[in-house]
Amino acid sequence: MGRKAKDGNGESTFTVLVAAGANLGIAVAKAVAGLISGSSAMMSEAAHSVADTVTEVMLLTALRRSGKPADEDHPVGYAGERYVWAMLAAVATFVGGAVFSVYDGIHTLTHGEELGDPLVSYVVLALAFLLEGFSLRTGLRQVRGEAKERGTPLAAYLRRTPDTTVKAVVMEDSAALAGLLLAAGGLLGGQLTGSGVWDGIASILIGALLVYVAWVLGRSNAELLVGRPLPKEMRDAVRAELLSVPQVAGVLDLTTLIQGPGEALVAAKVDFRDGATAEEVEWACEEAEDRLRARVPAVRRVYLDPTPGRGRRGPE
């Protein structure tokens, strides 16, 4: 969260568009290869790519709708809508990819399958690996830049970033590459042994991988929908800036809330020094807001409540 708030949506949109374009073409190629080879793992991979394409359409919708300015009906803006659509995208990954893959794998194990020529599937898997790798590279480039800007390790930033659209692309492309390797292993096992068991196992493993991705993305979006505070180091920075204002004697209560990537709200009960006039309190609030926005650019809204310290409160 920080300096790239203004153009973050544009960069995220490009990342999602690259992923969507790659997945759409890959889905068709995998389906054709699956029908020719008779491989359940290839059909699972086709379902995986279809689910990823649907996911990216939802993420593009999230980016478009969350960027609308605040209005009378939504005074704090539409940033939270990003997480609603991202949550639906996680559900699409689970239903459209994971459930189909597990079902297809179990069906193959119980009923068997007639293996065809795997050559087309190998070619498609190789091309898909290149396209998915390019899409993943685009997402990782954005994430690395943002992590470096904030001085945060890549893994930690990816785990806690409020930009769940880019997180979804990186996780889904990583899962896609792993799924391609599993599908290739299933094809090779079937080719060497003449048994479709390996293909069925590969399909089930692809489904399990998608369950994990859907669970991680669903949990991340759920946390942000319920309400997640700024990281502790940023909360400490907010408190320090408030206390640095000369008229502020103490911060009695501090609440922070992430509203979207690069967008956060700060609300605090502040004890102003004895003898401060109403005008000085007003100017102190303005100064505190300016300092907060300079120190933590993600802070967009600041609400300060002048509150007497506990030792100076009157009878209740």
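Observations on the model:
- On the stretch given as the stretch 140-151, residues that are farther than 16 Å from ALA168 by Cα and open to solvent by 50 Å² or more (accessible area, probe 1.4 Å) total 4.
- Residue tally, condition in a helix (DSSP H, G or I) and either over 17 Å from SER49 (Cβ atoms) or of a type in the set (Phe, Trp, Tyr) (or both), over the stretch 185-207: 13
- Pair list, Cβ < 7 Å and 6+ apart or interchain, from the stretch 12-41 residues that are over 17 Å from PHE100 (Cβ atoms) and part of a helix (DSSP H, G or I) to residues that are at pLDDT below 75 and among the acidic types (Asp, Glu): ILE36/ASP117; SER37/ASP117
- Residue in the stretch 80-94 that is of a type in the set (Lys, Arg) and open to solvent by 70 Å² or more (accessible area, probe 1.4 Å) present: no
- Restricting the stretch 222-248 to residues that are assigned to a loop (DSSP other than H, G, I, E, B) and hydrophobic (A, V, I, L, M, F, W, C) leaves a set whose member that is nearest to GLY67 (Cα to Cα) is LEU230.
- Scanning the stretch 249-286 for residues that are within 24 Å of ALA70 (Cα to Cα) and either assigned to a helix (DSSP H, G or I) or over 29 Å from the mean Cα position of the chain (by Cα) (or both) gives CYS285, GLU286.
- Filter result (modelled with pLDDT of 80 or more and part of a helix (DSSP H, G or I)) within the stretch 74-97: GLU81, ARG82, TYR83, VAL84, TRP85, ALA86, MET87, LEU88, ALA89, ALA90, VAL91
- For first residues located in the stretch 191-204 and of a type in the set (Val, Ile, Thr), partners that are open to solvent by less than 10 Å² (accessible area, probe 1.4 Å) and modelled with pLDDT of 85 or more and lie 6+ apart or on another chain with Cβ distances below 7 Å form the pairs ILE201/GLY186.
- Residue match in the stretch 43-55 (condition: surrounded by fewer than 19 Cβ atoms within 10 Å (Cβ to Cβ) and in contact (Cβ under 8 Å) with a residue 12 or more places away in the chain): no
- Selected residue (only one of VAL57, VAL50 is within 15 Å of the chain's Cα centre (by Cα), modelled with pLDDT of 75 or more and more than 20 Å from ARG137 (Cβ to Cβ)): VAL57
- Taking the criterion of being of a type in the set (A, V, I, L, M) and open to solvent by 70 Å² or more (accessible area, probe 1.4 Å), the only residue of the stretch 279-311 that qualifies is ALA294.
- Per the conditions (1) touching a strand residue (DSSP E or B) at 6+ places or on another chain (Cβ under 8 Å); (2) touching a residue at least 40 places away in the same chain (Cβ under 8 Å), the sole criterion not satisfied by PRO297 is (1).
- Among residues of the stretch 239-263, those that are modelled with pLDDT of 90 or more and closer than 19 Å to THR161 by Cβ, counted: 3
- Where VAL211 falls short, out of the listed (1) open to solvent by 10 Å² or more (accessible area, probe 1.4 Å); (2) among the β-branched types (Val, Ile, Thr); (3) in contact with a helix residue (DSSP H, G or I) (Cβ under 6 Å, 6 or more places away or on another chain); (4) farther than 16 Å from VAL102 by Cα: (4)
The values are calculated or read from the model by the stated rules, or taken from the named source; none is laboratory data. Small disclaimer: the values here were computed from a predicted structure and weren't measured. Positions of Cβ are backbone-derived with ideal geometry, glycine not excepted, and every protein chain shown enters the neighbour counts. Remember, those area values only see protein heavy atoms, side chains included, never the ligands or the DNA or RNA. Shrake-Rupley method; radii C 1.70, N 1.55, O 1.52, S 1.80 Å.
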